[in-house]
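Scroll down for the structure; my scribbles are underneath it.
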Amino acid sequence: MKRIRLFLRLLALVLALFLLPALCAAETDADDPALAEGADIRVMSYNVMHPEWEHVPVQGRDEKVAAILMYYMPDVVALQEANVKWQKALIPYLVDTGAYGFACRVSNAPGLVYSTTCFMYNTRTLNLVEERVLDVEMRDSTRVFAVAVFETLADGKRFVVTNTHPAPREQAAKYERNIAYITALAAETAKQYAGLPLIMAGDFNTPEQADAYVTLMNEAGVRDAKYAASVLVRDYPTYFGYQVFPNTDNMDHCVDHLFVNDAAEVKLFNAVIGHDVQNASDHIPIYADISLN
């Protein structure tokens, strides 16, 4: 009997040694979190799902979002639908630890209204040089065009990141108005910061098949980081529905984008599908590792 028990324990140990790494990889996503060789910064775009719009509380999801950010450690993450509840919930995990700070946090709406289309940036790698929030829709803290200029602490390189979130296509008139104005603001921003690396992030509610996607790139002089990347780790639709595992069934739902100008060289692009993303939001985060020319 003792020999049998010993054999079973040894068998269990061997199985654990072989199976545990595979289980961990399946649970946490096997992507290498290290910055791609030759890249200076990592920029992420992430719609974290507004709790009041979708009636799903932040509590519980905040831990998952914070874990994703701490795993991949983007230098800048452009957040969409991050209302005041989201921002306050992320402070203990990311701000109080000294890892991140906020930019473009307050909108132009009357009173102290937190912009849901804002940034968090890695305070250990970057300085915030400039920030402003431009209205896309009057008195709407979500439909904005946020602009932030950052400087790397390592070598003083400056770059610009924008973040935006137009109305969904189902609200046809508002969407058309928003996306037209965003395109104009994108072109103005590209002109204003000509010569600096420019990264435009956001939930554009616009698939790659749409004319508006091409028009924005042409007007602003940018290209999609996914297709400009030297290494494309994964290409997935970015919107898939809450508690639904990401799949490649409907590329029309690829509505979150990162665009770059010629001063930004994309070394790597990835869409995150591990780390329990389906229980964190109805979108998945995307990121690009970029060399600042």
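When the chain is treated as a GNM, springs tying every alpha-carbon pair under 10 Å, which of P57, P246, P110 comes out with the largest mean-square fluctuation?
Comparing P57, P246, P110 in the GNM, the peak value goes to P110.
So how do 255-262, 178-185, 42-49 stack up, highest first, on mean other-Cβ count within 10 Å? The partial results should precede the final answer.
On the way: 255-262: 22.2, 178-185: 20.0, 42-49: 25.2.
Taking the mean over residues of other Cβ atoms within 10 Å, the ranking is 42-49, 255-262, 178-185.
Give me the compactness ratio for the chain, meaning the Cα radius of gyration over 2.2 N^0.38 Å. Walk me through the numbers on the way to the answer.
Numbers: Rg = 20.3 Å, N = 293, 2.2 N^0.38 = 19.0 Å.
Ratio of Cα Rg to 2.2 N^0.38 Å: 1.06.
Kindly flag which residue pairs out of K64/K226; K157/K226; K88/K191; K157/K191 have an alpha-carbon separation exceeding 30 Å in this structure.
K88/K191
Quote the FRET efficiency, to the nearest 0.05, computed for N127 versus D249 with a Förster distance R0 of 35 Å and r equal to the Cβ-Cβ distance.
The calculated FRET efficiency here is 0.25.
Could you work out the local net charge near R61, counting Lys and Arg as +1, Asp and Glu as -1, over the other residues with Cβ closer than 12 Å to its Cβ?
Taking every other residue near R61 into account, the sum is -4.
Give me the dipole magnitude in Debye, nearest 20, for the chain about the Cα centre, with unit charges on the beta carbon: positive for Lys and Arg, negative for Asp and Glu.
On the way: 24 positive and 37 negative charges, 212 e Å.
Charge dipole, the chain, about its Cα centre: 1020 debye, nearest 20.
Could you tell me, in Å, what Rg and Dmax come out for the Cα atoms of segment 49-155?
Rg, Dmax (Cα atoms, Å): 13.8, 44.
What residues qualify as long-range amide H neighbours of G202, i.e. H under 5 Å apart, gap of 5 or more or another chain, H built at 1.01 Å from N?
Here T164, H257 satisfy the definition.
List every DSSP H helix in the chain whose Cα atoms extend 20 Å or more along the helix's own long axis and whose mean Kyte-Doolittle hydropathy is at least -1.0.
The qualifying helices are 2-28, 172-192.
Can you give me the P(r) profile for segment 52-105? Cα pairs, bins 5 angstrom wide beginning at 0, each as a whole percent.
Binned Cα distances yield the sequence 4, 18, 33, 28, 12, 4, 0.
Kirkwood hydrodynamic radius (Cα pairs, Å) of segment 155-293?
After inverting the mean inverse Cα-Cα distance, the result is 15.5 Å.
Subtracting the Cα-Cα distance from 0.36 nm times the residue separation, let me have the gained length for K88 to R169 in nm, one decimal.
26.2 nm
Rank the residues R132, R143 as a footprinting-exposure proxy: fewest other Cβ atoms within 10 Å of their Cβ go first.
Sorted ascending by nearby Cβ count, the order is R132, R143.
Using a simple spin-label model with points 7 Å from Cα along the Cα→Cβ vector, what separation in nm is obtained for R223 and L112?
Reported label-point gap for R223 and L112 is 4.5 nm.
Can you work out the PRE-style zone for D211? Point 7 Å along Cα to Cβ, and I want the residues of segment 163-200 with backbone N under 20 Å.
Counting only backbone N, you get 166-187.
Since every read-out is calculated from the coordinates, none of them should be taken as a lab result. As the structure is a prediction and not an experimental result, all values here were calculated from the model. So basically every Cβ, Gly included, is an ideal-geometry build from the backbone, and we count neighbours across all protein chains shown.
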